[in-house]
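Okay, so here's the structure we're looking at.
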Amino acid sequence: MNLFTDFEVRIKNALEQIDIVKEKRSELDFGRIGVEPPRDASHGDVATNAAMVLSKPLGTNPRALAEIIIAKLREDADVAEVSVAGPGFINIRLSVGYWQRLLATMISEGEKFGRSTLGAGQKVNVEYVSANPTGPMHVGHCRGAVVGDALANLLGFAGYDVTKEYYINDAGSQIDVLARSVFLRYREALGEQVGDIPAGLYPGDYLVPVGEALAKEFGTKLRGMPEDQWLPIIKERAIDAMMAMIRADLDALNVHHDVFFSERTLHANGAALIRTAINDLTFKGYVYKGALPPPKGQLPEDWEDREQTLFRSTEVGDDIDRPLIKSDGSYTYFAADVAYFKNKFDRGFNEMIYILGADHGGYVKRLEAVARSISDGQAKLTVLLCQLVKLFRNGEPVKMSKRSGDFVTLRDVVDEVGRDSVRFMMLYRKSSEPLDFDFAKVTEQSKDNPVFYVQYAHARCMSVFRQAKEAFPDLDIASLDLAKAVGGAISDPAELQLIAKIAEFPRIVEAAAQSQEPHRIAFYLYDLASSFHGHWNKGKDLPELRFVNDKNRELSIARLGLVYAVASVLKSGLGITGTAAPDEMR
């Protein structure tokens with residue numbers, strides 16, 4: 001149950017009963033009416049801008065209209081107080097009975113509380129990570145992996161039908177470089193002295209086991225072959241080995257994709273999928289023969305000063321037209337991007353989300369142009385860019401990994417601080433902003449470490465149930481109907497404030513899903529944990545507020561219901577972030 005949606009309906013129903021509204025109902029836009037928490041909690045529980053939105057079309061003063069609306073809202077038994085503030089905001093304080101019934105609903109729904117039908121089962125494809133299969137994942141991939149995975153979890157929680165997808169870039173020139181690098185390690189495994197790794201090849205030690213596996217499988221057979229024979233063999237083995245490494249790295253981060261789509265699929269059967277996509281654009285009038293002027297700054301790989309087959313992408317929002325087929329007849333990288341989008345669209349996805357690194361900002365307009373042209377404007381494509389992550393240890397920059405050769409691997413970070421710390425902290429800042437990740441700070445057991453603070457709140461909730469069992473040994477907690485137990489018993493203002501904080505969760509979920517900002521869940525969890533810890537601490541000074549009172553069994557059971565509601569939302573929210581909700585922390 002969404003408290004704010006509930007009162008939006010009530011407010012609109014009240015408006016429908018006001019004479020001046022009835023007279024001009026057809027001219028009024030109720031869609032602009034919002035219901036949200038007041039900026040200052042002391043003003044009330046719910047605030048609406050209804051009077052300010054409707055006053056102009058009704059030809060009246062906002063505060064005067066607010067007074068009319070207030071008179072009607074006072075007829076609602078669940079409204080304890082209602083007042084006008086500022087230029088015409090209406091603040092509403094809810095009755096204790098409403099909060100008690102809402103808490104009972106929260107308890108009954110448990111971990112389903114906050115789930116939404118917002119997405120209405122709409123299919124959404126979220127593509128993230130998509131690192132080149134040329135080595136272990138580095139920390140730059142880590143943020144995109146977490147943001148993409150959490151966003152997919154969030155959209156699923158909000159009622160969308162989500163597919164998590166990884167695009168394997170296994171058809172480019174970098175794969176030839178990978179194969180040649182592996183061949184060098186293969187020769188090394190056969191006993192050759194290869195010396196320093198030549199410039200242009202991948203130097204990391206992670207390729208040593210791949211070379212050793214080839215030596216074990218083929219012996220010296222590959223060494224005697226010409227390159228055009230051993231290259232495809234080693235490509236296949238190298239890609240498989242790199243993807244196995246990447247999947248293991250993702251698993252360590254608790255990231256699991258539904259689909260791994262190989263770029264080689266697009267080039268199979270004479271690049272049939274690419275040809276089909278280009279034919280589709282040609283039929284729609286988006287393809288022509290021509291030459292492009294040299295772009296400003298550094299020239300891209302696929303630019304040629306001669307006639308090529310071009311995509312008229314400027315007609316659908318791009319800055320410049322894009323080459324599809326080079327003068328030698330080969331397809332550009334961009335042509336594969338076009339075919340890949342068409343493949344997704346043909347699979348029934350009308351919404352696609354790409355999670356890319358900040359260095360891919362130039363891809364946004366061209367991908368949006370592809371979406372408009374291929375789908376005739378029917379598909380929505382969103383590109384979310386993740387800014388850089390800088391690693392520190394006690395304020396000092398972290399040095400590069402020896403294993404990778406020139407970067408810090410994702411596995412280095414996860415192995416040192418744990419997946420939960422990595423995942424939560426990667427979400428504890430908006431993805432469009434740079435992130436400083438300090439190994440020391442994310443392992444602190446303090447309020448300053450958000451992941452510890454939130455997980456500790458859940459562990460504390462679980463400890464309350466253990467305390468209740470100690471206080472009342474005969475209590476069968478599993479069989480308690482906590483939803484009924486809270487009726488009439490939970491009434492202290494501090495408890496009602498905690499219920500109000502829990503009640504924000506459905507609204508946060510929908511807002512985060514609509515804005516595609518999973519960091520909002522992490523922020524909310526920290527606020528909820530802070531509210532819970534604050535109430536716990538009040539119990540130290542005021543025994544009457546403690547969750548478990550061995551002299552009042554009925555009140556203790558009722559308060560277990562409140563704790564259960566907090567724990568359920570913490571667990572659901574942590575699940576969206578892909579982080580564990582521990583029962584104990586030592």
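Odds and ends about this structure:
- Rounded to the nearest 20 debye, the dipole magnitude of segment 3-94 is 280 debye, with +1 charges on Lys and Arg beta carbons, -1 on Asp and Glu beta carbons, and the Cα centre as origin.
- Sites Lys447 and Asn394, calculated FRET efficiency, Cβ-Cβ separation with R0 22 Å, nearest 0.05: 0.70
- Normalised Debye scattering of segment 411-557 at q = 0.09, 0.17 Å⁻¹ gives log10 I(q)/I(0) of -0.38, -1.06, counting only Cα atoms as equal scatterers and leaving out solvent.
- Taking the convex hull of Cα positions in segment 3-94, its mean projected area over all directions (nm²): 5.2
- For the chain, the relative contact order is 16 percent, taking Cα pairs closer than 8 Å that sit 6 or more residues apart in sequence and dividing their mean separation by the residue count.
- Stretching Ser491 away from Gln229 to a fully extended chain increases their span by 86.5 nm, per 0.36 nm per residue minus the current alpha-carbon distance.
- Cross-link partners of Lys390 among lysines (Cα-Cα below 20 Å; sequence separation of 8 or more within a chain): Lys399, Lys402, Lys430, Lys441
- Over the chain, dividing the summed -39,500 (n - 2.57) contributions of all DSSP H runs of at least 4 residues by the number of residues returns a 222 nm mean residue ellipticity of -16000 deg cm²/dmol.
- Neighbour counting of Cβ atoms within 10 Å sorts the residues Lys296, Lys441, Lys399, Lys344, fewest neighbours leading, into Lys296, Lys399, Lys441, Lys344.
- Rg and Dmax of segment 173-252, based on Cα coordinates, read 12.3, 39 Å.
- Among the GluC sites (Glu not before Pro) in segment 180-286, those placed in a DSSP loop whose Cβ has at most 14 other Cβ atoms within 10 Å are Glu192.
- Cα-based Rg and Dmax for the chain, where Dmax is the largest Cα-Cα distance (Å): 29.4, 93
- For segment 267-354, the set of GluC sites (Glu not before Pro) satisfying both a DSSP loop assignment and a count of at most 10 other C-beta atoms within 10 Å is given as Glu301.
- Where labels lie 7 Å past Cα in the beta-carbon direction, separation of Arg93 and Asp550 in nm: 3.7
- Taking segment 116-155 and a reference point 7 angstrom along Cα→Cβ of Ala248, the backbone N atoms nearer than 14 Å belong to 135-137.
- Summing charges over all other residues whose Cβ lies under 12 Å from the Cβ of Met52, with Lys and Arg as +1 and Asp and Glu as -1, gives +3.
- Mean separation of Cα contacts under 8 Å, 6 or more apart, over the residue count of segment 173-252: relative contact order %: 39
- Distance from the C-alpha centroid of segment 308-324 to that of segment 163-212: 35 Å, rounded to the whole angstrom.
Just so you know, all these numbers are worked out from the coordinates, no wet-lab data involved. The structure presented is a predicted model; accordingly, all values stated were derived computationally and were not measured. Glycine gets a Cβ as well: all are built from the backbone with ideal geometry, and neighbour counts include every protein chain shown.
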